[in-house]
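Have a look at the structure below before the remarks.
Every number here is computed from the coordinates shown, using simple stated rules; none is lab data. As the structure is a prediction and not an experimental result, all values here were calculated from the model. Cβ atoms come from the backbone with ideal geometry, glycine included; neighbour counts cover every protein chain shown.
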Amino acid sequence: MKKITTIAALVLAIPAAWAAGEDSYADFKAMMDASFKTTGIAAKHRMYQLDFQKACSQEKQPSKAEMARIEAEQLKTIRYPADGKYFGDWKQGEKIALDGRGLTWTDKTPHNNGGGCYNCHQLSHHEISYGTIGPSLLEYGKTRGNAEDVVKYTWGKIYNAKAFNACSNMPRNGDAEILTEQQMKHLMAFLFDPASPVNKK
Amino acid sequence: MPIPRRLKAAVMLTALAVAPVAALAAGDKMMDAINEYRELLADGNPSELVAAQGEELWKTPRGPKKASLEQCDLGLGPGVVKGASAQLPRFFKDTGKVQDLETRLMTCMETLQGIDPNKVINERWLKGERENMAALVAYVVTESNGVKVKVDTRHPAMKKMYELGKQTFYYRAGPMDFSCATCHGDQGKRIRMQELPDLRTHEGAIAGWGSWPAYRVSNGQFWTMQHRLNDCFRQQRTAEPIYGSDVTIALSVYLATKANGGKMVTPGIKR
Amino acid sequence: MNNQRRNVLKTGVGATVLGALTAAGLITPGMALADWNKAAFEAKSMADTLKALGAATPVDSKDVQVTGPDIAENGAVVPVGVTSSLAGTTMVAILIDKNPNALAASFTLPAGTEANVQTRVKMGQTSNVYALVKADGKFYMATKEIKVTLGGCGG
Amino acid sequence: MAAKPMKIRASVKDGVTEVKALISHEMETGQRKDANGAIIPAWFITELSAMHNGKVVLSGEFGTAVSKNPYLAFKFKGGAAGDKVTLTWKDNKGETRTDEAAIG
């Protein structure tokens, strides 16, 4: 329910950034409204923006204060594992990292999504096909150790990257329900387990 | 050798800025190998097969009016195909709209042949009239291969479309918070092994806009620009853009304007 | 150089093949086509394929080459070819170890046709690709590993 | 559905003719499934031959591993500008097609 209310409120709001050109924004809104349709699980309301999405939709990033405000807000969305266990099975984590499927209008269900991690990150010693939109995470656990603060930060980053960088390119895997808690635990194991190819040659 | 265009220099330069040193050497070798692969594919682009069908279709009387498209005005006068797609999108007086190649072809199909545009708009990719559209597009863009992009941005409607396209480019939405700029708003990035042109720059825009439509080897399909943009939105996890809708025209105007003056290599051949 | 000798050999070996095919070709173009070697194309393993081609124990040769990239960005289209500088090369074939059926394509070369044929094949995964060549009645082989990788969003 | 035309390019240089051809064909492996999970039947070119002046200059056999819209390049000695090069293929459904091009 939380999401729906947010969306409804936002549709009506005209953000400050557009104050200078309300006509232009009205035209843009009309264009977006007329140009998209619902197909499969990709409903038309996906085109409506959340407030931070809107703030991060310009050529330049928002002000530092605005970024900080968004980050504080997003930080509140992070849910840490209730059982206190952060690590699943790194082998399953590797599969999730490789899998870039999910949530498109050609996907049948909104479940069983991949993490698509390799689209943007280098992760393991043996996978040569990795993207560079995000930083290399090679030897993530090996170089960072597994102290509690590192583990919790990493969980938070996977759960909602916007809590640490308001306009991060990284999806909110937990907050936007892209991955389940269990899947994120598998990814954590993939990143931290000494036996995982992320850390072991 | 039509392929080397964007790749080598851009990739290597930008890789320097991103990757740690150890990964860099391996990455360079990888990209060299991938570039070798692409060069081997450049000669013998199956788009030629599609273009040949398109040329035949262009000349074939079809539709309720049993007319060919030979009198179609793509902006350079009735029947002029050579160089036409390099100057699209443009504002057309007769329709009062900015049109890209595909929406303009729909206009011609409707006015000359009596074919209902909805037969294209509501069809699935590479089926029925959309398959015909792809063939026609392959033919038309082949006739602009090697020509410089030259879109006329002076008309107010074009200016407006550019601005709308720019807003769309940065518009983040959907469950993954992606915009076009997420992947195409930085230098030298890639998704897995696929380099991403920085579409904010002229070089990036010509690498992207200038080499689509293209044959995609991964699925053996010829993709028009509408198809390309549609799949970008699919991967962004947004809702689906309607075929030929203004958002697709606006983005096309934005990209084509950025690419202005660069050389078209169409149809391209892609992964 | 032994070019001359090679040409003579090529002509000698190719002549019968050429003759037979041309004779057939005079009837209709379709008839010029050889009989498809079902056993070889449906064989699964390399060994069975080689057996079906009558080439059970080919010799590794530096005069034979698999041409192709080190890495293919997409397994659906991998440009590969075979070249041979062996005198009297009459047949070249492309085999892919890890494909469901190893044999991808084979070509018969009449005299005068260079032992240099390029095509494009599908590869399910990274694999050794073999060039099999028949020259002067004997079989020779060369290999190259081609890595198959993923380029796009994976969705 | 009628087979679509091929694209054949042939050029002669120093007495050697180079032929490059693109063939329009699905080359369906018989191992893929459609949206409903049913196997898409195999449909692929099995044999092809190239002729120059009534003589075979190449004959080939394909399996399902040859890519969709097959590409073929080869060279033969002889051939003069203006000569015709003819390519014929046959697939496992018995369909066949012949196209020709002049050596440029």
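Take the Cα gyration tensor of segment B:113-271, multiply each eigenvalue by 5, square-root it, and list the three semi-axes largest first, rounded to whole angstrom.
Equivalent ellipsoid semi-axes, largest first: 22, 19, 18 Å.
At a temperature of 25 °C and a viscosity of 0.890 mPa s, determine how fast chain A diffuses translationally according to Stokes-Einstein, using the Kirkwood radius over alpha-carbon pairs as Rh; express D in µm²/s, rounded to the nearest whole number.
Estimated via Stokes-Einstein, D reaches 132 µm²/s.
By Kyte-Doolittle mean hydropathy of at least 0.0 and Cα axial length of at least 27 Å, which whole DSSP H helices of chain B are selected?
B:21-42
Would you mind checking B:Lys148/D:Lys20; B:Lys29/B:Lys258; C:Lys38/C:Lys122; A:Lys54/A:Lys185; B:Lys82/D:Lys84 for any pair whose Cα atoms are more than 22 angstrom apart?
Long pairs (Cα-Cα over 22 Å): B:Lys148/D:Lys20; B:Lys29/B:Lys258; A:Lys54/A:Lys185; B:Lys82/D:Lys84.
If the limit is 25 Å between Cα atoms, which of C:Lys51/C:Lys138; A:Lys44/B:Lys119; C:Lys44/D:Lys7 go over it?
Listed pairs above 25 Å: C:Lys44/D:Lys7.
By per-residue mean of other Cβ atoms within 10 Å, what is the highest-first order of B:134-143, D:5-14?
Packing order, densest peptide first, comes out as B:134-143, D:5-14.
Let me know the shape class of segment C:40-155, please: from the alpha-carbon gyration tensor, a ≥ b ≥ c as square roots of the eigenvalues, rounded when a/c is under 1.5, otherwise prolate if a/b is greater than b/c, or oblate.
Prolate shape, in that a/c is at least 1.5 and a/b is the bigger ratio.
For chain B, list the cysteines whose Cβ sits under 4.7 Å from no other cysteine Cβ?
That list is B:Cys180, B:Cys183, B:Cys232.
Tally Lys and Arg at +1 and Asp and Glu at -1 over the other residues with C-beta under 13 Å from the C-beta of B:Arg172: what net charge comes out?
That works out to +2.
I want the local charge near A:Trp105. Using Cβ-Cβ distances under 12 Å, sum +1 for each Lys or Arg and -1 for each Asp or Glu among the other residues.
+3
If all Cα-Cα distances of chain B are sorted into 10 Å bins from 0 onward, what percent lands in each bin, rounded to whole numbers?
7, 29, 36, 20, 6, 1, 0
Under the Cβ-under-4.7 Å rule, which cysteines of chain A stay unpaired?
A:Cys117, A:Cys120
Please find the FRET efficiency linking A:Ser63 to A:Ala195, where r is the Cβ-Cβ separation and R0 is fixed at 41 Å, and quote it to the nearest 0.05.
0.35
What are the aspartates and glutamates whose alpha-carbon lies under 19 Å from the alpha-carbon of B:Lys150, with same-chain residues fewer than 8 places away excluded?
Result set, ordered by chain and number: B:Asp73, B:Asp100, B:Glu102, B:Glu163, B:Glu203.
Averaged over its residues, how many other protein chain Cβ atoms are within 10 Å of peptide A:115-125's Cβ atoms?
3
Just to be sure I understand the curve: with the Debye formula and one point per C-alpha of the protein assembly as shown, what is log10 I(q)/I(0) at q = 0.05, 0.06, 0.11 Å⁻¹?
Debye output, listed in q order: -0.28, -0.41, -1.24.
With a cut-off of 16 Å, note down the residues of segment A:76-108 whose backbone N falls inside the zone around a label point 7 Å from the Cα of C:Thr126 toward its beta carbon.
Label zone hits: A:98.
In peptide B:42-51, what is the residue-averaged number of other protein chain Cβ atoms found within 10 Å of each Cβ?
Counting Cβ atoms of other protein chains within 10 Å of each residue's Cβ and averaging gives 6.
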